[in-house]
Each structure stands twice: as structure tokens, then as C-alpha cells.
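The values are calculated or read from the model by the stated rules, or taken from the named source; none is laboratory data. Because the structure is a prediction, the values reported are computed rather than measured. Cβ placement follows ideal geometry from the backbone for every residue including glycine, while neighbour counts extend to all protein chains displayed. Protein only, heavy atoms only, side chains kept; ligands, DNA and RNA dropped before computing areas. Shrake-Rupley method; radii C 1.70, N 1.55, O 1.52, S 1.80 Å.
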Amino acid sequence: FTKPPGASTMVLIVSDSCNTLVTLDGEHKQCFSNDSTPQLHGDLECSSRPKGLSSTDLLSIPNYLPGSGSVEEYLRRCRHIMDSRDKLHANGPLIFDENTSERILYVGQGEVAHALPHQCDYLVSDKATTCHILALRSEFCGNLPFTSLTHIDDTVYEGCLRSMVREHLAHHNNQGDDKFDFSDSRIKFQLDIVGGFEDSDNFSSKITNWILRVFATIAREYQDKIEVTLRTCAVSSLNDNGYRCPITRGLAIHLKSGSIYAAKVHQAVAGPAVELRAARVWSVRECLSVIHTASSGNFMHIEPFSYSSSPDFKQLLYHSDERLLQLTSTSPDVEEEGFCDAVRSMVRFVIEVPCFKVFGPFATKSLHFERVGTSNNWKRLY
């Protein structure tokens, strides 16, 4: 058959060996048996074989990403996706607190970080309800593995996700651009996504659908250079406990091994500048804020942004918890304990510390922090 009516040209290829996101153009046709589970005929290949797919992939089950609606039903057909989701949920969260000896780099909502194994041990984010946390790790020809992690709260960051992929391409190219020859092999990407639940507004599903489509498109455009494997996808209804509440809210990735864990981070190690970074969520944003790169060394950076107070903003300090949740959360019924205290702390910071005192009179001055030794404490440099 050709693709089902209403389906997009993007397809999630699933096999025993990988869960590779690819895109197929309209000329690619799949041939299925008459079984209830669609299978490619054993010796029949696609009419135009997508570059980089092995013979094992050709015997796999193609699940088209639907042109509209949710992709979650399609993900449920992917055994490896469901197995990795179940394993993530079963193990429970890895706790990071003041007693944690490993070096972590915390990524807040609306932020992205890139790092190498010698720079820190874990990239981690948490407190996601409708938000999604995405980890992208790449390996190529003996180079150091390169890892990115971001906390996504909207569907407007396609350019940022593309920039993330370009960071990986640049890392694996000694010349620092993505115009090198991949005739012999391609960069292997692993994609892990956690977040969302079955919220009444379907905002989680919108983010899930958007992320998968963006990466399917990127996989197609860079198919001569990269191979993207969707390893973990505990998202939206696949991350719901049955009572419209997320199961897993945090994700940590170990930079050396690439292992991932559900995660929970205590405020004591979520720095630096927790309130300032939280205030960014309330500012006008067009892109994810990059807080760390492969060239950052032992430092962390906060790019300038504009923020200000107002009478209505100050009034947030005086609302009850119930009212504050309704005003400040996309998922007021499932926020963790401490959410309202964190919002009030951020509001006080914005009121007491005007923007010009942080980023200068024209909001053009970046902040720079250095890790203290191998601890999870930071000191401001300038």
C-alpha cells in the first residue's frame, strides 16, 4: 500500500536493531502482507531505498506519523520504545542533592546545554509537566561523544533544535563546519525524550508531535551524514499514570556512558542564579538560551534578557497557592510541592533586582559563573 490517507510522508522505522527516524518522500511505497500487523514481504524492498537503512530495517514495521492528531498510538506499536519507557518508569528517579558527588549541569526551562564527558558527569533537568526534556547524544569515528540536553516548553524552537544538531556536526568535524565527507560512515545520534502527560488541553501531545516531526525532517535532510535513533520516548499519554498526571518529570544523561535516568534535582544543586533563570520564562523569548557549550570549559553562561516588574506581577505575591497555580502553570493540578514557593521567590527577585543591575543599562551584559572545584557550587566571575 501507499501511505494511509491523511498520513504525512514521515515514517518511524522500527526494527529489532534500531528505532530510526527517517522521512520518505511520496515516491516511496511500502508493501504489506494481509496480516493484522503490517509486515514488509521478506524479499521485497522499498521502491526507493532510503539511504543508510540496513536490510534489517527493510524487514521492519513502518509506522507513519499521522498528518494530524497524536503520534502516541503509533509509538505504542514500537516494542523498544515501550520497553525503554517501562524501564525508565520502573527504576524511579535518580536524586541529585547536596550530597551528590558527581558534577551535574542543571538545565532549566527554556535552556539548552552542550557538553563533553570531561566537563561534567551529568546533564539533567526536571520539573517538567507539559514540558518535554530532550537529550541528544552523538558518536563518530572515535571522537569524544557529544551530548546536548534541553527543556522545551513550546513548539516555536525548530531553529534551536537545528542549531543543536549543527553543534554536533561541528564537534565531529575538525574544521568546525558541517561540509565534510561522510561517504564511509555517518554520525550516530541517540534521542531520548521525557515529559508531558494526558493533559486536558492536549498541550503535551502538541509538543510530542512537533518534536518528532522536526527530528524526522532533520534526519531526512542530513541522511547522508547522520543516523538518528529514537531510544526513549516517555511522553504525553505514554508518561501518564492513568489519572492525568505525569509519571516521570526529569531526565539525566551520563555523558561518558550515555545512560539515561529519570531524575529529581534539589534546589541546592540547581544553580547558579536559580531565580534569575526562572525569570527568563516570563520574558519574551524567541529561542532557547544556551548556557554551556563544548568550548565553555568549567564555566556556565547566562545570556542577557529583559525583564521588569509591574503592579499585576507584584500581586502574584499575595495570591493563595490555588490561585497562583491557576495563573502561572500550564498544569496547575499536577505541579510538585514547592512550585508556588519557587514562583514567589522568582517574583521577589524580579521586584528587588532590576534588570539593569544584572545585565547592564541596555541588557547586553552576559553573566559568567565558574564551577567551584569538582562540586556542584558555582561562583560568579563577572
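Scanning segment 318-334 for residues that are open to solvent by 40 Å² or more (accessible area, probe 1.4 Å) and in a helix (DSSP H, G or I) turns up Tyr318, Asp321, Glu322, Arg323, Gln326, Leu327.
So, in segment 276-287, of the ones that are charged (D, E, K, R) and crowded, with 17+ Cβ neighbours inside 10 Å, which residue ends up farthest from Thr155 (Cα to Cα)? Looking at the filtered set, the residue picked out is Arg277.
Only one entry in His266, His292 is in contact (Cβ under 8 Å) with a residue 24 or more places away in the chain, within 19 Å of Thr150 (Cβ to Cβ) and under 27 Å from the mean Cα position of the chain (by Cα), namely His292. Taking segment 288-317 as the range and being open to solvent by less than 40 Å² (accessible area, probe 1.4 Å) and among the aromatic types (Phe, Trp, Tyr) as the test, the residues that pass are Phe305, Tyr307, Phe313. Applying the criterion of being among the acidic types (Asp, Glu) and within 17 Å of Trp282 (Cβ to Cβ) to the residues of segment 335-347, the residue that is surrounded by the most Cβ atoms within 10 Å (Cβ to Cβ) is Glu335. Each residue in segment 297-312 was checked for being assigned to a loop (DSSP other than H, G, I, E, B) and either in contact with a Phe, Trp or Tyr (Cβ under 7 Å, 6 or more places away or on another chain) or among the hydrophobic types (A, V, I, L, M, F, W, C) (or both), and 3 of them qualify. Within segment 119-142, the residues that satisfy the criterion of being in a loop (DSSP other than H, G, I, E, B) and either within 16 Å of the chain's Cα centre (by Cα) or in contact (Cβ under 8 Å) with a residue 24 or more places away in the chain (or both) are Gln119, Cys120, Asp121, Asp126, Lys127, Ala128, Thr129, Thr130, Cys131, Phe140, Cys141. When Ala363 is tested against (1) in contact with a Cys (Cβ under 9 Å, 6 or more places away or on another chain); (2) crowded, with 17+ Cβ neighbours inside 10 Å, exactly one condition is not met: (2).
Which of the residues belonging to segment 92-106 are farther than 16 Å from Thr248 by Cβ, of a type outside the set (Ser, Thr, Tyr), assigned to a loop (DSSP other than H, G, I, E, B) and open to solvent by less than 40 Å² (accessible area, probe 1.4 Å)? Quick ask: steps written out before the conclusion?
Restricting attention to segment 92-106, the residues satisfying the condition of being farther than 16 Å from Thr248 by Cβ are 97-106.
After this cut, where a residue has to be of a type outside the set (Ser, Thr, Tyr) as well, the list is 97-99, 102-105.
From what's left, assigned to a loop (DSSP other than H, G, I, E, B): 97-99, 102-103.
Answer for segment 92-106, where residues must be farther than 16 Å from Thr248 by Cβ, of a type outside the set (Ser, Thr, Tyr), assigned to a loop (DSSP other than H, G, I, E, B) and open to solvent by less than 40 Å² (accessible area, probe 1.4 Å): just Asp97.
Among the conditions (1) of a type in the set (Val, Ile, Thr); (2) part of a loop (DSSP other than H, G, I, E, B); (3) surrounded by 15 or more Cβ atoms within 10 Å (Cβ to Cβ), Val350 misses just one, which is (2). Against the conditions (1) part of a helix (DSSP H, G or I); (2) under 24 Å from the mean Cα position of the chain (by Cα); (3) among the charged types (D, E, K, R), Glu337 satisfies every one except (1).
When you scan segment 278-296, do you find a residue that is touching a strand residue (DSSP E or B) at 6+ places or on another chain (Cβ under 8 Å), assigned to a helix (DSSP H, G or I) and not hydroxyl-bearing (Ser, Thr, Tyr), even just one? Yes, segment 278-296 has at least one match.
So is Thr100 β-branched (Val, Ile, Thr) and in contact with a Lys or Arg (Cβ under 7 Å, 6 or more places away or on another chain) or not?
Working: β-branched (Val, Ile, Thr): yes; in contact with a Lys or Arg (Cβ under 7 Å, 6 or more places away or on another chain): no.
Against the criterion (β-branched (Val, Ile, Thr) and in contact with a Lys or Arg (Cβ under 7 Å, 6 or more places away or on another chain)), Thr100 does not qualify.
On the stretch given as segment 359-382, residues that are touching a Phe, Trp or Tyr at 6+ places or on another chain (Cβ under 6 Å) and part of a loop (DSSP other than H, G, I, E, B) total 1.
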